[in-house]
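A quick write-up on the structure given underneath.
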Amino acid sequence: MMTTLMSGTNNAESLLPLPGDRIVVVGTSGSGKTTLAGQLAALQGCPHIEMDAIHWQPNWTATPHDEFRVRLAAVLVGDSWVVDGNYGKGRSALWSQADTLVWLDYPLWLVLWRLFRRTVRRVVTQEELWSGNRENLRGVFSRDSIFLWAIQTHPRRRREYSDLPYRPEYAHLVKIRLRSPRQTNGWLARITAAQHVES
C-alpha cells in the first residue's frame, strides 16, 4: 500500500517519507498536480516540468509519441527535478529515473470543484497555457470537456496507481499517497521544517 499521511497525528506525519531529488506527481486532472509540483520544486530549488507543456502543441495538437519521449528525455537532466503528469507514453522512462512518486488521490467531488474554479478563472482571464493555447466555453461543453475527462479517468487512475507503482520495475520508488489537501499541506510543512533543521 502507498504510504498515506494521517491528519491530526504528529507521530503518523513523522513516519511519512520525505521526498527524494527526482519527484513525479500524479493524480486526476484538476487534483492540483501542477500546484503541488511547483511548491515541491520551489522547496527543493530545482526545475519544475509540466508534461502538459511537452504534450500540447499550438491549437491543442498532441505531440506524437516518439517526439514526446525525445522531448521528455531532453528535460530530465540534472540530479533534481519535479515532474507532474499522467502520460502513459512517457511513464516508463520517467518513473525509472525518478526516486519518489506522489499520488494526489482526492475524492471526485473535490477534484470537480477545483476543476470548476480553475476553468472559470482560465476562461474569464483568457490565461495563456501551453504553446499559446487557451480554454474557452465551447471546449468546456464539448464531448472533449475536461470535466467529462475527469469523471471518466478518476476511477481509472485509482486502479492504475493502486497497481502500477508496485510492479518490480518500480520497486525503487518511494511511494506517497495523499488523500486530502489537509494531508498534503501537512506533508509540505514537514518538508519545510526538515529543511530548516538541515540549514
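Bear in mind that the values in this text are calculations on the coordinates, not laboratory data. Nothing here was measured: the structure is a model prediction, and the numbers come from that model. Virtual Cβ from ideal backbone geometry, glycine too; neighbours counted across all protein chains shown.
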Only Lys, Arg (+1) and Asp, Glu (-1) charged, at Cβ; the chain dipole about Cα centre in debye: 740
Kirkwood-type radius of the chain, with distances r between different C-alpha atoms, in Å: 17.7
Within a Gaussian network of the chain (alpha carbon springs, distance under 10 Å), most fluctuating of P19, P165, P58: P58
Sites matching GluC sites (Glu not before Pro) across segment 96-191 that sit in DSSP coil, with at most 12 neighbouring C-beta atoms within 10 Å: E127, E128
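Based on DSSP H runs of at least 4 residues, each adding -39500 (n - 2.57), what is the mean residue ellipticity at 222 nm of the chain after dividing by all its residues, to the nearest 500 deg cm²/dmol? Don't skip to the answer; put the middle values down first.
Working: 9 runs with 97 residues, N = 199.
Only helices count here, giving -14500 deg cm²/dmol.
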GNM top mover of D66, D105, D84 - the chain, alpha-carbon springs below 10 Å: D66
Whole-number percent relative contact order across segment 114-178, with pairs defined as alpha carbons under 8 Å at least 6 apart: 16
Hz values of 3J(HN,Hα) by residue in segment 51-65 - Karplus curve (6.51, -1.76, 1.60), Gly and Pro given as x: 5, 4, 5, 7, 6, 8, 9, x, 6, 6, 8, 6, 6, x, 3
Relative contact order %, segment 3-193, counting alpha carbon pairs below 8 Å whose residues are six or more apart: 34
5 angstrom amide H check on W81, placed H, neighbours 5+ away: R22, I23
